[in-house]
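S.K.: Dumping the structure here so I can ask a few things about it.
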Amino acid sequence: MFAKENIDTLLNAGGNVLSADGDKIGSIGQVYADDETGQPSFVTVKTGLFGTSQSFVPLEGARTEGNDIVVPYGKDQVKDAPRVAEDGHLEPAEEERLYTYYNLGGGTSYSGTPSRTGTADTGERTGTVGHDTSGPTTDDAMTRSEEQLRVGTEKQAAGRARLRKYVTTENVTKTVPVQREEVRIEREPITDANVGAAMDGPAISEEEHEVILHEERPVVEKETVPVERVRLDKATVTENVTVNEEVRKENIDTDGTGGTRR
């Protein structure tokens, strides 16, 4: 039986709640005591990520181990317990729902681990066939549980793609035709048609004639023009991924001193 002084010590020590096989279920949260007797009856266990969720566990059949509380329930059973608001008080309907879930049968009092001092244990309890040697007696059946693998998906960032534009320089060679003027000497004989022009001027003199020669040269101009548009797009591709994980399951065997084993 838990005394209030023991509970205060556990709360101040920051202990944990453990299952019967020693697995940590979560850290000790709050302790709820009976309004009439003041006897501690429930403890909340902080579970979930960073202890954001609390589950109620009856203290009947529980024991202390150092700064920890060991309860006769499995980790998954405690985590799946009915959710009750941690408002500092349990209503009768909430308490009944918790007792029903933990198979404690509506108000029946349990004193924890059965004592065998001074008497022979006959293995009989009122209303049941046999009794539990690992915790409080519930009924005449044993529950076999197993873990089931549930695989889902979550979306996470796997990479980042971006478009980046940069400038490069390359040589472009083009051939363009150009024209130029060259001097060409033309001679023509004196005829009646040009004799007048030929005799115009002094008979003997020095004279110079010049012509201007022209040529074309390449002229380069650069013009910026758009050539294409580029964008990023996303496509969803589905592929199969094989998940390999171990799951545990309970097996039940029967042991007897006589009769046929089945």
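S.K.: Just rank Val71, Val211, fewest to most, by other beta-carbon atoms within 10 angstrom.
M.R.: On the way: Val71 24, Val211 7.
So the residues, fewest neighbours to most, are Val211, Val71.
S.K.: If you don't mind, there's one more thing I want to ask. Is the shape of region 186-248 best called rounded, prolate or oblate, per the rule: a/c under 1.5 gives rounded, else a/b larger than b/c gives prolate, else oblate, with a ≥ b ≥ c the square roots of the Cα gyration tensor eigenvalues?
M.R.: Details: a/c = 8.52, a/b = 7.22, b/c = 1.18.
In terms of gyration-tensor shape, prolate.
S.K.: Also, I was wondering about something else. For Ser205, Ser19, Ser41, which order do you get if you count the other beta carbons within 10 Å of each Cβ and list the fewest first? Write down the numbers at each step before the final one.
M.R.: Values: Ser205 6, Ser19 17, Ser41 20.
Ascending Cβ contact count within 10 Å gives the list Ser205, Ser19, Ser41.
S.K.: Right, something else. Grab the eigenvalues of the alpha-carbon gyration tensor for region 152-262, scale each by 5, take roots, and send me the semi-axes largest first in whole angstrom. Could the numbers behind the result be given before it?
M.R.: Values: eigenvalues 2344, 39, 25 Å².
Here the semi-axes work out to 108, 14, 11 Å.
S.K.: Starting from the Cα of Glu208, step 7 Å along the direction of its Cβ; do the same at Arg162; then give the gap between the two resulting points in nm.
M.R.: Here the answer is 7.1 nm between the modelled labels.
S.K.: Determine the principal axes of the Cα atoms in region 4-101, then give the extent along each, sorted from largest to smallest and rounded to whole angstroms.
M.R.: Principal extents (Cα only, largest first): 31, 29, 24 Å.
S.K.: So for the pair Asn103, Arg217, with labels modelled 7 Å out along Cα→Cβ, what separation do we get in nm?
M.R.: Label at Asn103, label at Arg217, 10.6 nm between them.
Just so you know, all these numbers are worked out from the coordinates, no wet-lab data involved. Everything quoted here is computed from the prediction, not taken from an experiment. Virtual Cβ from ideal backbone geometry, glycine too; neighbours counted across all protein chains shown.
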